[in-house]
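Student: Pasting a structure here, questions to come.
The values are calculated or read from the model by the stated rules, or taken from the named source; none is laboratory data. This is a predicted model, so every value here is computed, not measured. Glycine gets a Cβ as well: all are built from the backbone with ideal geometry, and neighbour counts include every protein chain shown.
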Amino acid sequence: MQNAPFTSRFAILGVRTGRAALAKRIAAGEAVRVRVDLVLDQRQSPDDGTSIEFSGCVESVKQFKAPARARKGRRSSRRGVSA
């Protein structure tokens, strides 16, 4: 797969299945990283000088798992014990 010859900074995704659970996660401040396979087939807006909006058919959406947090090592409760 190669990079497209265009760039985008935002997209709107209409969520059907799982929308309530996703809404709760977003409302709780969580950011959910996904990859969307989208076939663009319609122009949705005129050129406003910055961008043109397009729409299309979503082929698939993949969710990334959150990266594992680094575990902190346990500290011994026997600090400074002398014999």
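Student: So, of the residues in segment 1-54 that are under 14 Å from the mean Cα position of the chain (by Cα) and not in a loop (DSSP other than H, G, I, E, B), which turns out to be surrounded by the most Cβ atoms within 10 Å (Cβ to Cβ)?
Tutor: Within segment 1-54, the match that is surrounded by the most Cβ atoms within 10 Å (Cβ to Cβ) is Leu22.
Student: Does Ala83 satisfy being over 24 Å from Met1 (Cβ atoms), modelled with pLDDT of 95 or more and exposed (fewer than 10 other Cβ atoms within 10 Å of the Cβ)?
Tutor: Against the criterion (over 24 Å from Met1 (Cβ atoms), modelled with pLDDT of 95 or more and exposed (fewer than 10 other Cβ atoms within 10 Å of the Cβ)), Ala83 does not qualify.
Student: Among the residues of segment 46-64, how many are among the aromatic types (Phe, Trp, Tyr) and at pLDDT below 95?
Tutor: So the count comes out to 1.
Student: Within segment 67-79, is there a residue that is out of contact with any helix residue (DSSP H, G or I) (no Cβ under 9 Å at 6 or more places or on another chain), surrounded by 10 or more Cβ atoms within 10 Å (Cβ to Cβ) and either at pLDDT 95 or above or not in a strand (DSSP E or B) (or both)?
Tutor: So far as segment 67-79 goes, no, none of its residues is out of contact with any helix residue (DSSP H, G or I) (no Cβ under 9 Å at 6 or more places or on another chain), surrounded by 10 or more Cβ atoms within 10 Å (Cβ to Cβ) and either at pLDDT 95 or above or not in a strand (DSSP E or B) (or both).
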